[in-house]
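As structure tokens, the structure follows; a few thoughts come after it.
The values are calculated or read from the model by the stated rules, or taken from the named source; none is laboratory data. Here the structure is a predicted model, which is why all the values come from computation and not from measurement. Here the Cβ is made from the backbone with ideal geometry for all residues, glycine too, and neighbour counts use every protein chain on show. Just the protein is used for accessible areas: all its heavy atoms, side chains included, with ligands, DNA and RNA removed. Shrake-Rupley method; radii C 1.70, N 1.55, O 1.52, S 1.80 Å.
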Amino acid sequence: MLRAPSQSPVPATRLGRRALPVLGLLAAALLAAASVPRPRLDAGPPQTVISVNPKMGVHTRLTDEVEEWKIKRTLEMVREMGASWVVEYFPWAYVEPDRPGQGEWEHNDMVIRHASAQGLKVIARLGFVPHWARPRDTTPLYLDANGYDDFAEYVYRFVARYRGRIVGIIVWNEPNLSLEWGYRPVDPAGYVEMLRVVYPRAKEADPDIVVFAGALAPTLAPPGTEWGMNDLVYLQAMYDAGAAPYFDALAIHAYGGKFPPDDPADPETINFARAELLREIMVRNGDGHKPAMITEGGWNDHPRWARAVRPGQRILYTVRAYQKVLEEWDWCLAFAPWAFRYPAPARTYQDYFTFVTSDFQPKPIYLAVQAYAQGRSDGEF
Amino acid sequence: MPKGGPTASFRAALAQRRSRQLWAVAAAALLVVALLVFLLWRAVGPARDRYWERIQRTGEWRVAMDPSFPPFEMLDAEGRPIGFDVDLASAIAQRWGVALRVESIGFDGLLDAVWAGKVDSVVSAMPLQPQFSRDVAFSSPYFEAGLVVVLPSADNGVAGLEDLAGRRVAVEWGSEADVQARGLRRRWPDLQIVPKETAAAALEAVVAGEADAALADHVTALQFIGGGGQARLLTVPEPDGSPRLFTLVSDPYVVVMPKRAPVLQAQVEAALQALAAEGILDALTEKWFGVASPP
């Protein structure tokens, strides 16, 4: 119970004398508490993914997920769905916001720790430039040659820190879109130069790390378009600029649009099988020995978006795509559709890519994929 | 060193130094006053808006949209943008006496285009996204696209969401409506979900008496009713007794503008209010969905 000062049963001077040691102890306890690391959520015993299809993956979106239990729950649900692979974004600017080597690793550590505990193979997408590594009035997706060394150092620190706990890294994202290239005209040779600087540092940090390049946005942009470059044209331009020695595998974005996964590949169509055309370019350029992985893709079931399908179609197409990658594409390591769950609803058509709602309600597609992974074809999804 | 008081030359130097100090203090004070006046002018003076000034100067309002969200924005056979939003933006531009210039940009780049100053506004079935309100400004909603409850034309005793307990609710399998219906079933285990292959089939089930209600997005529901479907939307009474559309999940569409465009923001707001008051928004709803909302 609180007392008013005049009601104090002890004179103030005596109170002061008695309180001093208590206050001292309290201060010491506070100091001690401040120096103790924050308690971490128990990751639990090591888990194993059980699935009929080891090439099942999913792109998670934990970048802006603040609460650790939500990170843990998300990755648990990924495992419970039957996916072995996760692709996740680790923004450079979050780790080194103010200076090189700053080392704000806490969030990344959480994601990697829980992914490892769930038995998931992690592919880390790296990008998002801190302000100190780019000119003023540029977006975090802008990085010119002056910043490549700084980026390579971040990549080195990242790969060294998580050595043995991640499988691969993706260098940048969709560089064939002007938006993703800092609103500059896209530049395949410039991207290859980035790879040339980053690749050796990643390998120094961990010779076994798989360095993925590409992650190109599927687009039919005609030549000279301000907003981007056709992904097939861009990949060939990468090879022409000497990209081959500077990546181990190709990251592919395979969005199905309105077409089923078995719709045949066609340079004039954006569909799931467009991945085969990118693969053909790899083979033509002597990279047939390298694998690829679909690190984004899938279908959307927004009720009005012209490139969306019906929710039922999305379910059937997604399951078939997992099957196709397993049975027909031996060059493809895995299929990781976009996106498992958002920390908060995007409130746009993007929400219709997800498998689980922000409050962890499994969507029917989650239940259907889970049933497939468990080899079940009966029961209600 | 000679002893005694300061020499005359020393005194003169001291006086000169004091005088310089006085001047410096006066100059600094003047600068502070000027700064205060400037700040005051910025705070209470007329708002400057380079976007609105440019629109007035060039006679052109640059609006971005992704023409892949019919019936709000799409391309006609000649590749021209058409749809509810195109008509809405045209009506606003017409009020201002300027031309509308539509820029086609992919949906994911729309907010960035405003933020980067590439366009003046976005009118593109863009839902309100409060998480970006530090980067861009949003108008008040001009259309509600959220999830609604569709009922048969005849009164079947469903006057609110709670009345769905123990009822048959049709949904499109796998859709947002399905997710929400499963949530309602957790609350009322005797609620029976009737899954259908499409949203239209779920709405037909209500008309056919296979279901007591259906959940669907407002656009699909309006198009169904506008196309002759014998159904109505659940409304709830406002405090004054007038009916208000009930939304299970709200999805309001808004106009997006740059943060530093106070005049443009005010002009868009005024135009939207005028278009609503004059019945033009209802007319656009009727044109593109066949029925005004709420029915």
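To keep it simple, each residue is scored yes or no on (1) at the interface with chain A (Cβ under 9 Å from one of its Cβ atoms); (2) touching a Phe, Trp or Tyr at 6+ places or on another chain (Cβ under 9 Å); (3) closer than 27 Å to A:Tyr142 by Cα.
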site: B:Trp52; (1), (2), (3): no, no, no
site: B:Phe69; (1), (2), (3): yes, yes, no
site: B:Ser90; (1), (2), (3): no, no, no
site: B:Gln94; (1), (2), (3): no, no, no
site: B:Ala99; (1), (2), (3): no, yes, no
site: B:Gly109; (1), (2), (3): yes, yes, yes
site: B:Val150; (1), (2), (3): no, yes, no
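The set of residues in segment B:189-202 being within 16 Å of B:Gly174 (Cβ to Cβ) and out of contact with any Lys or Arg (no Cβ under 7 Å at 6 or more places or on another chain) consists of B:Pro195, B:Lys196, B:Glu197, B:Ala199, B:Ala200, B:Ala201.
Only one of A:Val319, A:Val309 is assigned to a helix (DSSP H, G or I), touching a residue at least 24 places away in the same chain (Cβ under 8 Å) and hydrophobic (A, V, I, L, M, F, W, C). Can you tell me which?
Details: A:Val309 fails: assigned to a helix (DSSP H, G or I).
Step by step, each of A:Val319, A:Val309 is checked, and only A:Val319 is assigned to a helix (DSSP H, G or I), touching a residue at least 24 places away in the same chain (Cβ under 8 Å) and hydrophobic (A, V, I, L, M, F, W, C).
Each row is one residue, and each column tells you yes or no for (1) charged (D, E, K, R); (2) under 28 Å from A:Leu126 (Cβ atoms); (3) crowded, with 17+ Cβ neighbours inside 10 Å.
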residue	(1), (2), (3)
A:Pro207	no, yes, no
A:Val210	no, yes, yes
A:Gly214	no, yes, yes
A:Thr225	no, yes, no
A:Leu235	no, yes, yes
A:Pro245	no, yes, no
A:Gly297	no, yes, yes
A:Ala308	no, no, yes
A:Gln313	no, no, yes
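The conditions of being open to solvent by 50 Å² or more (accessible area, probe 1.4 Å), closer than 23 Å to B:Arg182 by Cα and without any contact (Cβ under 8 Å) to a residue 40 or more places away in the chain are not met by B:Ala283. Quick check, is B:Asp190 at pLDDT below 95 and not in a strand (DSSP E or B)? So B:Asp190 does not fit the description; no.
Residue count for segment A:168-189 under the criterion of being in contact with a Phe, Trp or Tyr (Cβ under 8 Å, 6 or more places away or on another chain), on the phi < 0 side of the Ramachandran plot and away from every other protein chain (no Cβ under 14 Å): the result is 7. Is one or more of the residues making up segment A:137-150 within 14 Å of chain B (Cβ to nearest Cβ) and under 30 Å from A:Ala373 (Cα atoms)? No, segment A:137-150 contains no residue that is within 14 Å of chain B (Cβ to nearest Cβ) and under 30 Å from A:Ala373 (Cα atoms). Please determine, by comparing only the residues of segment A:159-205 that are out of contact with any Gly (no Cβ under 7 Å at 6 or more places or on another chain) and among the β-branched types (Val, Ile, Thr), which one is most open to solvent (accessible area, probe 1.4 Å). Applying the filter and picking the extreme gives A:Val167.
Given B:Val263, B:Val194, B:Val268, which one is touching a residue at least 12 places away in the same chain (Cβ under 8 Å) and outside the structural domain of B:Val119 (by TED's automatic domain parsing)? Give the derivation first.
Details: B:Val263 fails: outside the structural domain of B:Val119 (by TED's automatic domain parsing); B:Val268 fails: outside the structural domain of B:Val119 (by TED's automatic domain parsing).
Within the list B:Val263, B:Val194, B:Val268, the selection yields B:Val194.
Tallying residues that are within 11 Å of chain A (Cβ to nearest Cβ) and either without any contact (Cβ under 8 Å) to a residue 60 or more places away in the chain or open to solvent by 10 Å² or more (accessible area, probe 1.4 Å) (or both) within segment B:247-260 yields 4. Across segment A:62-98, the number of residues qualifying as in a strand (DSSP E or B) and open to solvent by 10 Å² or more (accessible area, probe 1.4 Å) comes to 2. The set of residues from segment A:129-143 being open to solvent by 30 Å² or more (accessible area, probe 1.4 Å) and in contact with a Ser or Thr (Cβ under 9 Å, 6 or more places away or on another chain) comprises just one member, A:His131.
Within segment B:196-246, the set of residues being in a loop (DSSP other than H, G, I, E, B), within 12 Å of another protein chain (Cβ to nearest Cβ) and charged (D, E, K, R) comprises B:Glu197 only. Reported count of residues in segment A:274-311, each being in contact with a Ser or Thr (Cβ under 8 Å, 6 or more places away or on another chain), of a type outside the set (A, V, I, L, M, F, W, C) and facing chain B (nearest Cβ under 8 Å), is 5.
Scanning segment B:168-215 for residues that are open to solvent by less than 60 Å² (accessible area, probe 1.4 Å) and of a type in the set (Lys, Arg) gives B:Arg182, B:Lys196.
Scanning segment A:183-200 for residues that are within 28 Å of A:Gly228 (Cβ to Cβ) and part of a helix (DSSP H, G or I) gives A:Pro188, A:Ala189, A:Gly190, A:Tyr191, A:Val192, A:Glu193, A:Met194, A:Leu195, A:Arg196, A:Val197, A:Val198, A:Tyr199. Based on this model, can you work out whether B:Ala26 counts as modelled with pLDDT of 75 or more, farther than 19 Å from B:Val102 by Cα and not assigned by TED's automatic domain parsing to the domain that holds B:Gln265? Yes, satisfied. If the condition is being more than 11 Å from chain B (Cβ to nearest Cβ), without any contact (Cβ under 8 Å) to a residue 24 or more places away in the chain and outside any loop (DSSP other than H, G, I, E, B), then segment A:324-381 contributes A:Glu327, A:Ala371. Just one of the listed residues (B:Asp108, B:Asp120) is of a type in the set (Asp, Glu) and in contact with a helix residue (DSSP H, G or I) (Cβ under 6 Å, 6 or more places away or on another chain), namely B:Asp120.
The criterion of being open to solvent by less than 30 Å² (accessible area, probe 1.4 Å), in contact with a helix residue (DSSP H, G or I) (Cβ under 9 Å, 6 or more places away or on another chain), more than 9 Å from every other protein chain (Cβ to nearest Cβ) and not β-branched (Val, Ile, Thr) does not hold for B:Ala165.
Looking at segment B:168-195 only, could you name the residues that are acidic (Asp, Glu) and within 10 Å of chain A (Cβ to nearest Cβ)? Of everything in segment B:168-195, those that are acidic (Asp, Glu) and within 10 Å of chain A (Cβ to nearest Cβ) turn out to be B:Glu172, B:Glu176, B:Asp178. Kindly evaluate A:Gly119 against the criterion of being in contact (Cβ under 8 Å) with a residue 12 or more places away in the chain, surrounded by fewer than 20 Cβ atoms within 10 Å (Cβ to Cβ), part of a helix (DSSP H, G or I) and of a type outside the set (A, V, I, L, M). No, not satisfied.
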